[in-house]
Amino acid sequence: MTRIRTGAVVAVAAILFAACQGTATTPAPTTAPTTAPASAPASTAPSAAPSAAIKEGGSLVVGLPGDMVLADPSLVSDSNSSYIQTNVIEGLLGVKPGTLSDIVPVLATDMPSVSADGLTYTFKLRQGVKFHDGTDFNADAVVYNYMRQKNAPKALRDAYNYYFGAVFGWAENSNLKSVDKVDDYTVTMTLGHPQSNFIIAQAPLPQFGIQSPTALKAGDADNPDPAKSKYAQGQGTGMVGTGPFKFKEWVPNDHVTIVKNPDYWNKDAMAHLDEVIFKPFADQSAELNSLQSDGGIDLAQTILPNDIASLKSDPNYTVIDRGDSCNYGGLQMNQTHKPFDNLHIRTAIAYAVNKQSYIDAFYAGLAEPADNWMPPATQYYKKLNLPTYDPQKAKDEIAASGLSADQLKLDFYYPSDVARPYMPDPKGLAEAIATDLEAVGFTVTFHTEGWRTGYLADEAVGKFPMWLLGWTCDWPGPDNFLVTAFFHFDGDKPNPEFAYGPPELKAAFDAGLSAPDEATAKAAWEKAQDILATGLPTVPLVHSKPPAASKSYVKGFLGAGNLNEPLWPVWLDK
Amino acid sequence: MIKYIIRRLLGAIPVLFGLSIILFAFVHLLPGDPVTSLLGQHATPELRKEILNQLGLDRPLYEQYVLYLGQLARFDLGKSIINNRTVAEELALRFPATIELTVGALIFAVGLGIPLGRMAARHVQGWQDGAVTVISLLGISIPIFVLGLTFQYIFAVQLKILPAAGRIDPRLHLELTTNFVLIDSLLTGNIEAFVDALKHLILPAIALGSIPLAIITRITRASVLDVNHEDYVRTARAKGLSERRVDSRHIMRNAWLPVVTVIGLQVGGLLAGAVITETVFAWPGVGRYIVEAIQDHDYLVVQSVILVFALIFLVVNLVVDIGYAFLNPRIRYS
């Protein structure tokens with residue numbers, strides 16, 4: 001018996017010894033960590049690093065939460081595909097790197113001129129630009145790209161060609177009536193009625209980029225079955241644009257490689273890296289371990305706030321602050337469920353929640369308390385001075401509501417199995433909120449559903465009385481938050497999700513959406529925000545900035561709150 | 001023997017048919033639908049209905065099942081709703097990765113398990129036996145997830161001697177022809193890539209092989225001890241044969257039988273364990289494929305891939321059964 005015990009002890013000791021090796025070799029930080037955010041404040045030029053000369057060349061390996069879906073940007077609506085494709089596909093307009101809504105002309109030479117009635121946009125196109133396959137960029141290419149989406153086969157529309165439909169609609173129902181070539185380098189786009197988001201919706205999205213018509217045709221890109229389209233499958237062709245990088249290869253589930261385009265038309269924005277390789281990771285811990293190992297990834301596009309602490313104190317890594325937020329996390333409510341039909345109750349909840357405490361606990365401080373249904377960097381944002389943390393005022397509002405304690409029971413839903421940029425820890429957040437609510441007199445009962453097994457489907461039809469949800473912007477315009485995300489109307493009927501829709505709100509939306517000029521748009525959208533502030537249909541909580549992290553030799557990375565992050569400014573200091 | 005094989009293969013057909021019904025029911029009765037994975041929060045209730053209609057998913061279940069059977073009869077395994085890659089294509093991409101992983105895990109489990117088992121049996125009740133017992137216990141009780149992440153943390157993050165994840169460093173630009181990284185690196189004469197691929201294989205193979213290691217160790221130990229007591233072994237020793245001769249000619253040959261059984265059974269377990277290992281080590285294999293397809297409600301993918309798995313499992317078991325006949329001439333099939 002003693003011999004077995006000895007053997008057991010030996011085995012256990014060996015294992016413990018191996019494990020302790022790890023902790024013994026943790027490097028102790030000796031100097032103050034150089035973890036000042038690698039992204040410069042919004043408008044600084046990317047190469048303004050005074051102390052280091054930029055080194056050309058090298059491979060950057062980027063970890064993403066998932067793989068690219070298809071190699072044709074017009075057929076994808078997920079953030080991973082867009083993240084990659086932004087580097088190879090350009091549109092007529094774009095967003096200045098590191099900013100959320102500084103719109104600049106890219107393949108157009110200037111911002112478009114607009115007719116007085118707001119119906120016709122005229123673009124002057126850049127000359128001497130070639131696609132990655134050597135063919136010329138010109139008006140024919142622009143017309144081809146827009147028309148193929150407008151006339152997308154039915155099988156591709158809803159499920160794949162989402163963005164074109166969301167902004168314009170398809171075929172005869174499209175508000176984009178025509179795209180016409182005036183001459184080789186002039187194009188006009190004509191709308192059915194004015195559309196105030198025409199520019200801001202298209203500029204950040206590679207879905208509105210211009211791809212080589214030659215390559216699209218050769219790759220059978222318009223096949224109603226993407227399984228049969230070589231272009232969409234990214235095998236041998238795909239993503240042929242005009243950008244600073246060109247598409248090299250895609251091994252599905254393993255990596256996507258883009259390489260420097262030495263013939264890029266914009267000599268001020270040439271890529272420094274030789275190539276960028278994107279690797280998908282299904283597991284956040286695995287991605288973090290890869291970042292912290294030798295020969296693993298160089299940049300993790302998204303890390304969980306809880307992982308920041310270990311990286312911040314290590315000089316070998318940089319935690320990247322993404323600048324302006326482009327998302328919203330909120331406590332949603334549906335007014336067909338009592339007591340959420342009572343404004344005093346909704347106001348009481350707004351006073352009861354301690355937003356800053358949630359930010360400290362669950363967002364590692366990388367968020368700001370929300371004072372609006374859209375983040376501050378959104379077009380036409382205004383401060384609304386919504387209720388802030390004040391438990392006494394919360395109790396006063398409850399008293400004013402005239403409801404008895406029995407009627408203060410709240411059913412609170414949160415998703416059981418997901419982490420979103422605006423709520424990295426739904427369960428923790430729900431529990432913290434419930435604590436604050438119960439402190440002022442509410443009783444909270446929790447319910448959960450799986451994200452993909454019913455949460456989104458059920459909340460959208462108004463099944464939940466109160467739940468956690470948010471929105472990451474598609475484009476930084478007020479319509480994307482206030483209308484697309486939240487309070488859209490179906491005819492005169494308000495979105496069943498919240499069952500809130502006073503007619504004056506619809507009027508403000510209609511005026512804002514079809515405003516022919518900026519002044520009208522601003523007035524209408526500000527009015528909409530004021531109406532929401534008075535009605536307080538839901539309680540905005542946070543605007544977060546999910547962090548990225550990289551090895552400290554990665555320089556020049558400019559983070560953006562909506563993950564629109566061209567990688568041409570990046571270089572490796574090694 | 002041939003008749004036996006044919007009978008077994010024909011018998012597989014009703015099994016697969018019944019399995020297809022169960023799979024179809026299971027997958028379609030899961031709450032949720034593929035629209036959330038397609039469009040995320042962009043899916044309004046109207047869009048959801050539209051898309052389900054376009055995909056034919058709002059038709060009655062029996063109709064969808066019959067259509068599926070028709071597809072299978074044409075050897076069409078279907079395609080993914082999410083990324084539109086055909087199942088056949090995706091399997092061709094992913095299977096080699098899983099095979100490399102499971103073969104690596106098996107080599108680890110068998111290569112270490114059998115010697116450990118024999119050592120434990122030879123020094124039964126000794127300290128070696130105790131150490132092997134503990135290792136087996138740990139192998140079988142520590143979840144692969146924990147083991148994998150711990151290995152990653154110790155060897156990749158702290159010691160930095162092995163890579164954390166993936167099959168090979170993408171910076172090496174290995175051209176894939178067979179999709180077997182080890183083979184392709186040898187085919188192109190790229191020794192650096194071969195070594196790199198081996199290094200990437202070590203941690204996931206050990207993590208995945210931990211459970212089979214534990215089982216094979218114990219079975220080998222038990223089997224050797226068992227055979228040790230047989231009359232013919234005592235006779236061999238009495239004849240004056242060297243212990244090594246006794247061991248190789250008499251003990252191991254007979255001890256193999258249960259071990260081979262277990263190895264065959266482990267194939268199923270390995271595929272299951274591969275799911276977790278592939279997630280932790282970002283290994284692009286079929287295990288991960290199945291899990292993603294289930295989460296995405298990618299119905300055709302789940303149905304077709306599991307049918308393929310079942311077919312493989314049936315074939316492996318057949319091979320194991322036939323292997324018996326060679327190992328033990330007394331076993332004959334008619």
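Every read-out reported here was derived from the displayed coordinates using simple, explicitly stated rules and does not represent laboratory data. Quick caveat: nothing in here was measured; it's all calculated off a predicted structure. Note: ideal-geometry Cβ built from the backbone for every residue, glycine included; neighbour counts use all protein chains shown.
Of B:V315, A:N289, A:Q335, whose Cα points farthest to the positive end of the dipole of the protein assembly as shown (charges on the beta-carbon: +1 Lys, Arg; -1 Asp, Glu; origin at the Cα centre)?
B:V315
Once the dipole of the protein assembly as shown is set up with Lys and Arg at +1 and Asp and Glu at -1 on Cβ about the Cα centre, which of B:I21, A:F168, B:V246 lies farthest towards its positive end?
B:V246
Skipping prolines and chain starts, which residues have an amide H placed within reach, meaning under 5 Å, of the one on A:L469, given they are 5 or more residues away or on another chain?
It is A:G330, A:Q332, by chain and number.
Given an 8 Å cut-off on Cα distances and at least 6 residues of separation, report the relative contact order of chain A as a percent.
So the answer I get is 21 percent.
Using unit Cβ charges (K, R positive; D, E negative) and no other charged atoms, how large, in debye to the nearest 20, is the dipole of the protein assembly as shown about its Cα centre?
Values: 71 positive and 88 negative charges, 798 e Å.
In total the dipole reaches around 3840 debye.
Name the residue, out of B:A193, B:A310, B:A131, whose mean-square fluctuation peaks in a Gaussian network model built on chain B with Cα pairs under 10 Å.
Of B:A193, B:A310, B:A131, the most mobile in the Gaussian network model is B:A131.
Mind sorting B:I202, A:I210 by how few other Cβ atoms lie within 10 Å of their own Cβ, fewest first? Mind showing how you got there, number by number?
Values: B:I202 16, A:I210 23.
If I rank by nearby Cβ atoms, fewest first, I get B:I202, A:I210.
Which angle between 0 and 90 degrees, to the nearest 10, do you get for helix B:61-73 versus the longest principal axis of chain B when only C-alpha atoms count?
So the helix axis and the longest Cα principal axis differ by about 60 degrees.
Putting +1 on Lys and Arg Cβ atoms and -1 on Asp and Glu Cβ atoms, find which of A:W475, A:A533, A:F442 reaches farthest to the positive end of the dipole of segment A:426-536.
Of A:W475, A:A533, A:F442, it is A:F442.
Using a basic spin-label model with each label point 7 Å from the Cα along Cα→Cβ, how many nm lie between B:N328 and A:A507?
That separation, rounded to one decimal, is 8.9 nm.
Would you please give the residues with an amide H less than 5 Å from that of A:V106, counting only those at least 5 places away or on a separate chain, with H modeled from the backbone geometry?
So A:V106 has HN proximity to A:L93, A:G94.
If r is the Cβ-Cβ distance from B:Y65 to A:A419 and R0 is 30 Å, what FRET efficiency results, to the nearest 0.05? Before the final figure, lay out the partial values.
Working: r = 36 Å, r/R0 = 1.19.
So, using R0 = 30 Å, E works out to roughly 0.25.
Which semi-axes, in whole Å and largest first, does the equivalent ellipsoid of the protein assembly as shown have when worked out from the alpha carbon gyration tensor as the square roots of 5 times its eigenvalues? Spell out each step's value before the answer.
Numbers: eigenvalues 560, 213, 175 Å².
Output for the protein assembly as shown: semi-axes of 53, 33, 30 Å.
For A:H344, project a label point 7 Å along Cα to C-beta. Then give me every residue of segment A:535-571 with its amide nitrogen under 20 Å of that point.
Residues A:535-539 fall inside that zone.
Between A:Q407 and B:I191, what is the label-point separation in nm under the 7 Å Cα-to-beta-carbon projection?
8.3
Roughly how tilted is helix B:87-122, in degrees to the nearest 10 and between 0 and 90, from the longest Cα axis of chain B?
Once rounded, the angle reads 20 degrees.
Which loop trypsin sites (Lys or Arg not before Pro) in segment B:10-115, with loop taken from DSSP, have no more than 11 other Cβ atoms within 10 angstrom of their Cβ? Write out the running numbers ahead of the final one.
Details: sites: B:R48, B:K49, B:R74, B:K79, B:R85, B:R94; in loops: B:R74, B:R85.
Qualifying residues, ordered by number: B:R74.
Distance between the C-alpha centers of segment A:376-403 and segment B:207-251? Whole Å please.
77
In whole Hz, what ³J(HN,Hα) sequence does segment A:258-268 give by Karplus (6.51, -1.76, 1.60; θ = phi - 60°), x for Gly and Pro?
Residue by residue, segment A:258-268 yields 10, 10, 4, 9, x, 9, 4, 6, 9, 5, 7 Hz.
Rounded to whole Hz and in sequence order, give me ³J(HN,Hα) for segment A:313-319 from the Karplus expression 6.51 cos²θ - 1.76 cosθ + 1.60, θ = phi - 60°, writing x for Gly and Pro.
Result, ordered by residue: 8, 10, x, 7, 10, 10, 8 Hz.
Starting from 0.36 nm per residue, how many nanometres of slack lie between A:Q392 and A:D274 once their C-alpha separation is accounted for? Working shown, then result.
Numbers: separation 118, 0.36 × 118 = 42.48 nm, distance 5.96 nm.
Computed gain between A:Q392 and A:D274 is 36.5 nm.
Testing the spin-label approximation: label points 7 Å from Cα along Cα→Cβ at B:S242 and A:K154. State their distance in nm.
8.2
Would you list the membrane-span-like helices of chain A, meaning whole DSSP H runs whose alpha-carbon atoms span at least 30 Å along their axis and whose mean Kyte-Doolittle value is at least 0.0? Provide the component values of the computation, followed by the final result.
Working: long enough: A:2-24 (32 Å, 1.21).
Helices meeting the criterion: A:2-24.
Along segment B:192-205, what does the Karplus equation 6.51 cos²θ - 1.76 cosθ + 1.60 (θ = phi - 60°) give for ³J(HN,Hα), rounded to whole Hz, x for Gly and Pro?
4, 5, 4, 5, 4, 5, 4, 4, 5, 7, 4, 5, x, 5
Quick one: net charge of A:G462's neighbours, Cβ under 12 Å, K/R +1, D/E -1?
Values: positive: A:K463, A:K493; negative: A:D458, A:E459, A:E497.
Every neighbour counted, the sum reads -1.
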